[in-house]
Ligand SMILES: Cc1ncc(COP(=O)(O)O)c(C=O)c1O
């Protein structure tokens, strides 16, 4: 048996929608992006959505629009993809890393509270693997110190914890539609928020600070545009947005299938020697299924799985241990012992709706065999 790490779930209706867009007049940000934004807002409950080219772009613009700049500090997590910190560095600000909870791998609110200084401007937590951080606690800290709360929701659209959904308590919520995400168009992202003025600002900053985008310039009679800010080029185009309009309708059904797979994995790995499943608070969006194994044997286990035709990955090695961030931020691995330990022990298994039950059972069997203490 061969179990690939990931297979996308685009169907014929998604592909047809792309073809229809290619046959239309508009290829860049136009009516399909607008339709997607409306549907995405209806799904998330966040009234304003701006479709962008990546989550990295969304986070960069969110920090920029909220005024984060040189000398400012942004508190964030080392257990994430590098973009969560690099967007802070791009603005001349400092990522202040704090450790994660030992049992969930999510940013620890007590560590966040302890790291606030007069220079702190924002908190940038990551809803990791699809599981939500304690957003009520983080919002409280943000309110107490007048900080912005920006969520990295690259992994997290469908989740809920303590009655809170992704982005609900945030000043800005940033999403990724990268190739392996639950909702995908290959490369894409979005920023969603409650504040119309912020959404307008983000739309301008995503388009070189121009006062009108292409759709605004070329519909009806010509009107001049102005440059109102120094921006970037992060807009999504209609061809990519076309892949997601129908996908959104299926998101909950796809989640249901992922939930079945996660339950099957959980049952299969319960009490398995050498394997620990971390805690998942609340309803996860089920983006990634990760386990912890013996750190001394983690890489060997990954190689053994490859030999047995099981796709597996690492999400993530703690980012403060990676050369550039280690040198730039001046951290030792042990500065964040929980993130360091988790980064050495974690493996990610295949999780996508097209996985058959027999494939899931095969993965369980192989992982149990290779991870069992020798
Ligand atoms: C946690 C996290 N944040 C941010 C990103 C960046 O997303 P994008 O590739 O859309 O810029 C990713 C991408 O995988 C991610 O996993």
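The values are calculated or read from the model by the stated rules, or taken from the named source; none is laboratory data. Quantities reported herein were computed from a predicted structural model and do not represent experimental measurements. Cβ coordinates were reconstructed from backbone atoms using ideal geometry, including for glycine residues, and neighbour counts include every protein chain displayed.
For the reader, a short list of remarks on this structure follows.
- Among residues of region 286-312 that are without any contact (Cβ under 8 Å) to a residue 24 or more places away in the chain, those with a beta-carbon under 8 Å from a residue that is in a loop (DSSP other than H, G, I, E, B) at least six positions away or on a different chain give the pairs 306/312.
- One residue from 40, 26, 36 being on the phi < 0 side of the Ramachandran plot, at pLDDT below 95 and in contact with a helix residue (DSSP H, G or I) (Cβ under 7 Å, 6 or more places away or on another chain): 26
- Per-region count, region 322-339, residues away from the ligand (no atom under 16 Å from the Cβ), touching a residue at least 40 places away in the same chain (Cβ under 8 Å) and not in a loop (DSSP other than H, G, I, E, B): 5
- When 25, 32 are checked against the criterion of being part of a loop (DSSP other than H, G, I, E, B) and more than 16 Å from the ligand (Cβ to nearest atom), 25 stands alone in meeting it.
- Within region 35-77, if we keep just the residues that are farther than 30 Å from residue 320 by Cβ and within 16 Å of the ligand (Cβ to nearest atom), the residue that is surrounded by the fewest Cβ atoms within 10 Å (Cβ to Cβ) turns out to be 40.
- Test result for residue 277, touching a strand residue (DSSP E or B) at 6+ places or on another chain (Cβ under 8 Å) and away from the ligand (no atom under 16 Å from the Cβ): yes
- Enumeration of residues in region 340-353 that are in a helix (DSSP H, G or I) and away from the ligand (no atom under 16 Å from the Cβ): 340, 341, 344, 345
- Restricting attention to region 43-57, the residues that are in contact with a helix residue (DSSP H, G or I) (Cβ under 9 Å, 6 or more places away or on another chain) and in a helix (DSSP H, G or I) add up to 4.
Each row is one residue, and each column tells you yes or no for (1) buried (at least 16 other Cβ atoms within 10 Å of the Cβ); (2) closer than 30 Å to residue 75 by Cβ; (3) over 23 Å from the mean Cα position of the chain (by Cα).
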site: 271; (1), (2), (3): no, no, yes
site: 277; (1), (2), (3): no, yes, no
site: 280; (1), (2), (3): yes, yes, no
site: 305; (1), (2), (3): yes, no, yes
site: 323; (1), (2), (3): no, yes, no
site: 332; (1), (2), (3): no, yes, yes
site: 338; (1), (2), (3): yes, yes, no
site: 351; (1), (2), (3): yes, yes, no
site: 356; (1), (2), (3): no, no, yes
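- Checked against (1) away from the ligand (no atom under 16 Å from the Cβ); (2) without any contact (Cβ under 8 Å) to a residue 60 or more places away in the chain; (3) more than 18 Å from residue 319 (Cα to Cα); (4) crowded, with 17+ Cβ neighbours inside 10 Å, residue 112 passes all but a single condition, namely (3).
- Identity of the residue in region 178-191, within 13 Å of the chain's Cα centre (by Cα) and outside any loop (DSSP other than H, G, I, E, B), that ends up surrounded by the fewest Cβ atoms within 10 Å (Cβ to Cβ): 178
- Qualifying positions in region 20-31 - in contact with a strand residue (DSSP E or B) (Cβ under 9 Å, 6 or more places away or on another chain) and either within 17 Å of residue 193 (Cα to Cα) or surrounded by 20 or more Cβ atoms within 10 Å (Cβ to Cβ) (or both): 29
- Scanning region 246-266 for residues that are surrounded by fewer than 22 Cβ atoms within 10 Å (Cβ to Cβ) and closer than 21 Å to residue 32 by Cα returns 246, 248, 249, 250, 251.
- One residue from 175, 129 being in contact (Cβ under 8 Å) with a residue 60 or more places away in the chain, within 14 Å of the ligand (Cβ to nearest atom), under 15 Å from residue 61 (Cα atoms) and not in a loop (DSSP other than H, G, I, E, B): 175
- Any hit, region 193-214, residues being away from the ligand (no atom under 15 Å from the Cβ), modelled with pLDDT under 95, crowded, with 16+ Cβ neighbours inside 10 Å and within 20 Å of residue 21 (Cβ to Cβ): yes
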